1. State yes or no: is VAL46 touching a residue at least 12 places away in the same chain (Cβ under 8 Å) and in contact with a Leu (Cβ under 6 Å, 6 or more places away or on another chain)?
2. Conditions first: (1) over 19 Å from LEU102 (Cβ atoms); (2) more than 10 Å from the chain's Cα centre (by Cα); (3) in contact (Cβ under 8 Å) with a residue 40 or more places away in the chain. TRP58 passes all but one, so which condition is the exception?
3. Take the conditions over 28 Å from LEU35 (Cβ atoms) and free of Cβ contacts under 8 Å to residues at least 12 places away in the same chain and apply them to ALA74. Does it pass?
4. Look at VAL77 and say whether it is under 24 Å from LEU18 (Cβ atoms), assigned to a helix (DSSP H, G or I) and either among the aliphatic types (A, V, I, L, M) or modelled with pLDDT of 85 or more (or both).
5. Please find, within the stretch 19-55, the residue that is nearest to ASP91 (Cα to Cα) out of those that are under 13 Å from the mean Cα position of the chain (by Cα) and of a type in the set (Ser, Thr, Tyr).
6. Residues being part of a helix (DSSP H, G or I) and over 10 Å from the mean Cα position of the chain (by Cα): count how many of those fall in the stretch 81-108.
Amino acid sequence: MNGEDRLTLEQGLLLALLVVDTVLLALLELFFLPLRIGVVPVPVTVLVGAVTTPWLVWTTAKLVRPALSWVPLAVWVLVVFGVGLLGPGGDLVLIQDWRALLLLGASALPGAMVLGGAPRRPAGRGPGRG
């Protein structure tokens, strides 16, 4: 492991802050998913997840390191499934209907798409690269 592979203190702090943001947003999205106005379900946290999860992946790639841009997405998935299925007191927090699928699809898929297109370091000049 050379000096370029190590995170600076600033990068480590930024990554920790982004992970904390990811955990808090995943919990918010999970706990407010069953929100209703009267009898009408209003899963507004799906929109929050659709915007924030890809943004966290992109921000990690830009501010910390592209190779670590998977961390927010992995943390989000672990929190949603961990707390959702093994919630406080063993309760099932992740509701079992279309809103849960919508949350997973609207948050994890765009995050994965951003992860697939995350900015990479430019390739160095090696043999055969002009």
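1. yes
2. (2)
3. no
4. For VAL77, the condition - under 24 Å from LEU18 (Cβ atoms), assigned to a helix (DSSP H, G or I) and either among the aliphatic types (A, V, I, L, M) or modelled with pLDDT of 85 or more (or both) - is met.
5. THR22
6. 17
The values are calculated or read from the model by the stated rules, or taken from the named source; none is laboratory data. Because the structure is predicted, anything quoted here is derived from the model rather than measured. Glycine also receives a Cβ, built like all others from the backbone with ideal geometry; neighbour counts cover every protein chain displayed.
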